[in-house]
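Accompanying notes for the structure given below.
The values are calculated or read from the model by the stated rules, or taken from the named source; none is laboratory data. If you're wondering where the values come from, they're calculated on a predicted model, not measured in any experiment. Cβ: placed from backbone, ideal geometry, glycine included. Neighbour counts: every protein chain shown.
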Number of protein chains: 2
Amino acid sequence: MTTSPSSDALRAWFLGPRAENAELLERLLTEALRDHVFWRRNFHPEDGLTIREMDKRREGYDQAVATLTQELMGLLAELKRGVPFFSGRYKGHMAFEQTIASQVGYFAAMLYNPNNVAIEASPVTTRLELEVGSQLARMMGYDPERSWGHLTSGGTVANFEALWVARNVIYFPLAARGAADELGVELEVECPGGKRGRLGELDLWELVNIHPSHAMDLWDALWQAAPRKDVQAALHRHSLQTLGYQEYIARLDRAFGDPLPPSVVLVAATAHYSWEKIVRALGIGSNQLVFVPVDSHYRMDPDALWEKIRELSDRRVPILACISVCGTTEESAVDRLDRVLEVRERARKELGVSFHVHSDACYGGYAAAVTWDGEGNRRSAEAIRRSVNGDGPADPVRQGWPSQEWVRSMEALAGADSVTIDPHKLGYIPYPAGAIVFRDRRVRELVAIDPPYLLPTQGLGSSEDLFLGRFVFEGSKPGAAAAAVWLSHKVLPLDERGYGYLVERTVAGARKLYTTLSELDADPFRLILLPEPDINIVCFLVTHPSLKTLSEVNRLNEGIYARMSLSVPGAQPRYIITRTRFQTPMYDGAVDPVLERLGVGSVEDWKAGGTEGLVVLRSTVMDPFLADPDTPDHATGLARTLLEEAALALGEAKEPPA
Amino acid sequence: MTTSPSSDALRAWFLGPRAENAELLERLLTEALRDHVFWRRNFHPEDGLTIREMDKRREGYDQAVATLTQELMGLLAELKRGVPFFSGRYKGHMAFEQTIASQVGYFAAMLYNPNNVAIEASPVTTRLELEVGSQLARMMGYDPERSWGHLTSGGTVANFEALWVARNVIYFPLAARGAADELGVELEVECPGGKRGRLGELDLWELVNIHPSHAMDLWDALWQAAPRKDVQAALHRHSLQTLGYQEYIARLDRAFGDPLPPSVVLVAATAHYSWEKIVRALGIGSNQLVFVPVDSHYRMDPDALWEKIRELSDRRVPILACISVCGTTEESAVDRLDRVLEVRERARKELGVSFHVHSDACYGGYAAAVTWDGEGNRRSAEAIRRSVNGDGPADPVRQGWPSQEWVRSMEALAGADSVTIDPHKLGYIPYPAGAIVFRDRRVRELVAIDPPYLLPTQGLGSSEDLFLGRFVFEGSKPGAAAAAVWLSHKVLPLDERGYGYLVERTVAGARKLYTTLSELDADPFRLILLPEPDINIVCFLVTHPSLKTLSEVNRLNEGIYARMSLSVPGAQPRYIITRTRFQTPMYDGAVDPVLERLGVGSVEDWKAGGTEGLVVLRSTVMDPFLADPDTPDHATGLARTLLEEAALALGEAKEPPA
């Protein structure tokens, strides 16, 4: 094959499945270590030694080194039972190896162990974190000057923070109304219908339906209308944060004669299970998680969304937020966010209803990099398609990605109020590295807090930005994670030259696997492929003419999974995949075409099976080398192994004779 | 000085202020790296190479390596502006260098990048995390078989999880009551007063005052009384997690005619600011954070706690939890937890009131290691005192630690319902490593969740323990953190031989600094020392006869801080300390003796100053070498520097003439 600068570079970005770049990694790590060592030696050299050479010859020292070395050997031996994420044979969860840049960046900063809670404990890495937040915001299409982004320990905390902030934004007009009344100031606000109105004249339904941006304009207006200290105290007396739900709802009841039903959160039916944790913990309650059906591509159905909103509006149920997914955990499905935003706009105009729109792009966020060229301009779907197909044989499956609609969905991220993106997923960064970006940086003020220590002084670079712990949910956190993401972004820019190329290669790999599986002569088995993925997760299941019930088919696929995973202790699978279960009601509708093609068991049988659901095998293609014709053909290898393991699993799948 | 096995070993535990152990660290890191490299090469060697030597000679590859190397050099240069936590000259926040074991353990596992969300992504490190959880539980005095512990990204998330779980435990009897009614089963429970009663006959006040352990017994009883599926569904219909606050409170109102006032959380007035974030996010509301005054040693006052409880009981305000602190962030004060638990017992007997007791030992948790000898027995205060004083000159300040009461407070951790402990603080582990342990492992079922994927199969080691994401708030998280803590605990056991010794040395160092400062001839300045610390944070402030107002004294100390910190860009302080502000109402009462000794400004002046408060300088002694007579005398160095900087800062402190 011919090569391009990016395809050449790809081979320098990772250690490699054979650790082909071991010398490079070792050189850089050693450099980082020694650089740190000599930094220590250069700091007040007049202080002399604390640990002397003679100390190292004492028995206790020697014993401690022996213990350390011995236990490390034990750990290293244990670690070998880990998962070979690095290998082309691993096609399971969203895990691969990490970029060398992120590994070295993490390690180099870890030696300094900065804590990004505040600049005082991380003069360098807090700035790197803000820079990374800004880069991610730009990749989403946000204005870096007006947005706000930072890292988190992972996606759950990031999504939690998004909803926590959203609740404060949506309820802010209520707090502002109470505060303004108390302060005797009159404020104007853009009402749900679009006209400007007096805050004091809105009813409760209108107040909870003010567009998030207009709520924040109200924030600005309130602070300008009265002295800071008074505003602060008055807001304090009227906000949910202070009052807590019980008193807050009681007050609404007293003030408006009816607190309205509990506010709900709309999510795609396929949303990650952590959303249930999140609404439980926030006190919203999982009953208030309203699931929006997905279509047969596992994307939130915009028409169904509209219907839900209309129905909720009829019952005057406030909506806190709508969670759209960019890259579902199971299928890598990308919601049509552009259409979700259109629905919100329509709801605002026709129903006077508004809410926060959040994109859970924890998995798929980095795929937005493919939409940018090296000059900061958007690329057309056509240009991306040319690049994905590369110079390999013309491949219709590969040529089909991305669609115009996919590109529009990605560009629509710029219109979401917040987006969560995990660098430790498609960013190929070591754990822990989650991230969140908000379109409107003012929102962080609504959750800000002032601790007694760590207050920035005058001299401290002055900007309040430098004390992250004030504005984010977490406190102490590794500056090393910021350095890892930062260095990786330096080496792999967030556009077609870097991360965009990397994601394209994984898509090309997923599509190669898809084509290989679809062209496979599976006889006597039948391989059923789910729709072509929006990013890089290939889902499929295997059946056999002798299997007559859903449970039998499920057992066959569970059996294949058991043979192609590390789930059985001591297993040495040749290829590693994973599996999920499509259950009711999450997959209602979406599963119908699959069951039809399966020809075993009806939708009713599937529903009656409850949590058993339909077992679906999954291969996440994080491996950017898979599509390359010069590398081992793991697509064919996986496909052949699948059939061999299916043959072995078949016997156990059938119902025992009655 | 003579040495002991532990004092010798101490010198092998850290890289050292001059990087004296650089060779050791480099050897172990290289070992870990190469071991990983050859693991990759041994995995299906028949697959051949993906990155060939020829590929490394292409221009694009070379450019990528150049970019990586260049940017890494840039990062390394940047990092040198970081904080020299490793140096004896750093006596600021709770930060020092990390144990070599934890650095190497983190690095070794990071190469494998396991994700401890589930065993499928971390077959090794999930087990290490459970082992570490069990070790920490044992250090708290818990029964490892009946307790449950795991790592978190940090203290905020750990404390959040504690209160989230506590809320579910305290409200469980209410859900059980609703579920039992629906299922038509009758259950008995131990009532607040101590007698057994029928659940269906208790009133709301009694239901929310059932002791946490009895609430969990009720949990067991309910599951035994009816089929699992029915219980699950019924609980689902009655729990706060499902209903959310708004509907939950409305139901209480309907069922009992009065929902009672909002439940409160008792905290020491000096509790970490994150508690405010936590109650806000949980929907409890910061108004429900009831501050219990501290005594002049900054410990929660048990008598004041009793008074608060009695008063709340009179008003029939339910208490969710009482948060006691083991090692305050500002002063390292250790609450008399034994007395807090006595107060709870008294409240149960005399008032029929109960609640969850949580110890926020994020900072001080590892200090419990000093109470254990190498055989798993508790040590006496006397034995510890002998060890702390070592063989140096008899030092009354050093000899005074620990008191009998301190040891009892530590032993009382065994009676708390939950404890949070940050390995990344006194555990000398790199960020991120927080932890939480619950005395009763059953509580985790109250927050458990079942995601569709990652379901353990039969073969999967079978235990449900192996899918951590089910029971904890976070999802994806670094298995490397577990390996770091695990390896460090192997080298430094959680008793007098390892972490106990390490903490003792920091206490000895803090007391050496305390003695040095108290014996300092500060003329013309006056140095006011706060009480001897419970662990290792020395607080003090400087004044001068010419300063006549609190603001002037505050300005002097702010000026000293600015000169002895990295808060001013480009600063090159000789010693680094930090500072806090004692503000009203948190320090009401506690600050009085300090103001009295200061002789400038009354308590009323201080209160009138509001957030300005009293600026207090702080030195956290994490450095275990400080007390060693053979090492550079940084206690004297810091004291001298303090006076020199005070002289320079004095001019700016005075009020300009009117």
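Kindly indicate whether any position in the stretch B:427-438 is modelled with pLDDT of 90 or more, outside the structural domain of residue B:334 (by TED's automatic domain parsing), under 22 Å from residue B:623 (Cβ atoms) and out of contact with any Leu (no Cβ under 9 Å at 6 or more places or on another chain).
Within the stretch B:427-438, none of the residues are modelled with pLDDT of 90 or more, outside the structural domain of residue B:334 (by TED's automatic domain parsing), under 22 Å from residue B:623 (Cβ atoms) and out of contact with any Leu (no Cβ under 9 Å at 6 or more places or on another chain).
What number of residues within the stretch B:52-72 satisfy the criterion of being of a type in the set (A, V, I, L, M, F, W, C) and surrounded by 14 or more Cβ atoms within 10 Å (Cβ to Cβ)?
Taking the stretch B:52-72 first, the residues of a type in the set (A, V, I, L, M, F, W, C) are B:54, B:64-66, B:68, B:72.
Narrowing further to those that are surrounded by 14 or more Cβ atoms within 10 Å (Cβ to Cβ): B:64-65, B:68, B:72.
Adding up the residues that qualify gives 4.
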Quiz prompt | Residue list for the stretch B:242-257, filter: more than 7 Å from every other protein chain (Cβ to nearest Cβ) and closer than 30 Å to residue B:420 by Cα | solution = B:248
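Tell me which residues, restricted to the stretch B:559-595, are charged (D, E, K, R) and surrounded by 22 or more Cβ atoms within 10 Å (Cβ to Cβ).
The answer is B:579, and nothing else.
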Quiz item: residue A:610 fails exactly one of the following numbered conditions: (1) surrounded by fewer than 16 Cβ atoms within 10 Å (Cβ to Cβ); (2) more than 10 Å from every other protein chain (Cβ to nearest Cβ). What is the number of that condition?
Solution: (2)
Quiz prompt | So residue B:207, is it surrounded by 17 or more Cβ atoms within 10 Å (Cβ to Cβ), more than 24 Å from residue A:287 (Cα to Cα) and not assigned by TED's automatic domain parsing to the domain that holds residue B:417 | solution = no
Quiz prompt | residue B:580 closer than 18 Å to residue B:294 by Cα and touching an Asp or Glu at 6+ places or on another chain (Cβ under 7 Å) | solution = yes
Practice problem: Give the residue that is nearest to residue B:244 (Cα to Cα), with candidates limited to residues of the stretch B:117-173 that are of a type in the set (Ser, Thr, Tyr), at pLDDT 95 or above and outside any helix (DSSP H, G or I). | Solution: B:171
Practice problem: Give A:101, A:108, A:19 a once-over and let me know the one that is over 30 Å from residue A:638 (Cβ atoms), crowded, with 22+ Cβ neighbours inside 10 Å and at pLDDT 95 or above. | Solution: A:108
Practice problem: For residue A:281, state whether it is more than 7 Å from every other protein chain (Cβ to nearest Cβ) and either surrounded by fewer than 18 Cβ atoms within 10 Å (Cβ to Cβ) or of a type outside the set (Lys, Arg) (or both). | Solution: no
Quiz prompt | residue B:221 vs. criteria at pLDDT 95 or above and touching a strand residue (DSSP E or B) at 6+ places or on another chain (Cβ under 7 Å) | solution = no
Quiz item: Considering B:409, B:387, which residue is out of contact with any Leu (no Cβ under 9 Å at 6 or more places or on another chain) and assigned to a helix (DSSP H, G or I)?
Solution: B:387
Exercise. Please indicate, with yes or no, whether at least one residue in the stretch B:175-188 is among the aliphatic types (A, V, I, L, M), in contact (Cβ under 8 Å) with a residue 60 or more places away in the chain and within 14 Å of chain A (Cβ to nearest Cβ).
Key: yes
Exercise. Report whether or not residue B:534 is under 30 Å from the mean Cα position of the chain (by Cα), in contact (Cβ under 8 Å) with a residue 40 or more places away in the chain and over 30 Å from residue A:122 (Cβ atoms).
Key: no
Quiz item: So how many residues does the stretch A:613-644 have that are in contact with a Lys or Arg (Cβ under 7 Å, 6 or more places away or on another chain) and within 14 Å of another protein chain (Cβ to nearest Cβ)?
Solution: 15
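Residue-by-condition table, conditions (1) surrounded by fewer than 24 Cβ atoms within 10 Å (Cβ to Cβ); (2) among the hydroxyl-bearing types (Ser, Thr, Tyr); (3) in contact with a strand residue (DSSP E or B) (Cβ under 8 Å, 6 or more places away or on another chain):
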site: B:484; (1), (2), (3): no, no, no
site: B:497; (1), (2), (3): yes, no, no
site: B:504; (1), (2), (3): no, no, no
site: B:515; (1), (2), (3): yes, yes, no
site: B:520; (1), (2), (3): yes, no, yes
site: B:526; (1), (2), (3): yes, no, yes
site: B:530; (1), (2), (3): no, no, yes
Practice problem: May I ask you to list the residues in the stretch A:272-311 that are part of a helix (DSSP H, G or I) and either among the hydroxyl-bearing types (Ser, Thr, Tyr) or under 23 Å from residue B:158 (Cβ atoms) (or both)? | Solution: A:274, A:275, A:276, A:277, A:278, A:279, A:280, A:281, A:286
Quiz item: When residues of the stretch A:126-162 are filtered for being under 30 Å from residue A:256 (Cβ atoms) and out of contact with any strand residue (DSSP E or B) (no Cβ under 6 Å at 6 or more places or on another chain), how many remain?
Solution: 1
Practice problem: Filter the stretch A:629-649 for residues that are farther than 15 Å from residue A:575 by Cα and buried (at least 21 other Cβ atoms within 10 Å of the Cβ) and give the result. | Solution: A:649
Quiz item: Can you name the residue in the stretch A:258-278 that is small (Gly, Ala, Ser) and more than 10 Å from every other protein chain (Cβ to nearest Cβ) and, of all such residues, is farthest from the chain's Cα centre (by Cα)?
Solution: A:269
Quiz item: Among (1) more than 9 Å from chain A (Cβ to nearest Cβ); (2) closer than 21 Å to residue B:489 by Cβ; (3) touching a Leu at 6+ places or on another chain (Cβ under 7 Å); (4) not hydroxyl-bearing (Ser, Thr, Tyr), which single condition is residue B:145 missing?
Solution: (3)
Self-check item: Test: residue in the stretch A:221-237 that is aromatic (Phe, Trp, Tyr), touching a residue at least 40 places away in the same chain (Cβ under 8 Å) and either more than 13 Å from every other protein chain (Cβ to nearest Cβ) or under 23 Å from residue A:313 (Cα atoms) (or both)
Solution: no
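Could you grab me the full set of residues in the stretch B:252-268 that are closer than 27 Å to residue B:159 by Cα and either assigned to a loop (DSSP other than H, G, I, E, B) or of a type in the set (Lys, Arg) (or both)?
Scanning the stretch B:252-268 gives B:259, B:260, B:261, B:262, B:263.
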Exercise. Out of B:316, B:348, report the one residue that is under 25 Å from residue B:240 (Cβ atoms) and outside any helix (DSSP H, G or I).
Key: B:316
Quiz item: Filtering the stretch A:149-165 down to residues that are touching a Leu at 6+ places or on another chain (Cβ under 9 Å) and more than 17 Å from residue B:154 (Cα to Cα), which residue is nearest to the other protein chains (Cβ to nearest Cβ)?
Solution: A:164
Practice problem: Restrict the check to the stretch A:354-374 and report whether at least one residue is surrounded by fewer than 16 Cβ atoms within 10 Å (Cβ to Cβ) and either without any contact (Cβ under 8 Å) to a residue 12 or more places away in the chain or of a type in the set (Lys, Arg) (or both). | Solution: no
Exercise. Can you run down the residue pairs with Cβ atoms below 7 Å, 6 or more apart or on separate chains, where the first is in the stretch B:578-607 and of a type in the set (Lys, Arg) and the partner is part of a helix (DSSP H, G or I) and buried (at least 17 other Cβ atoms within 10 Å of the Cβ)?
Key: B:579/B:557; B:579/B:561
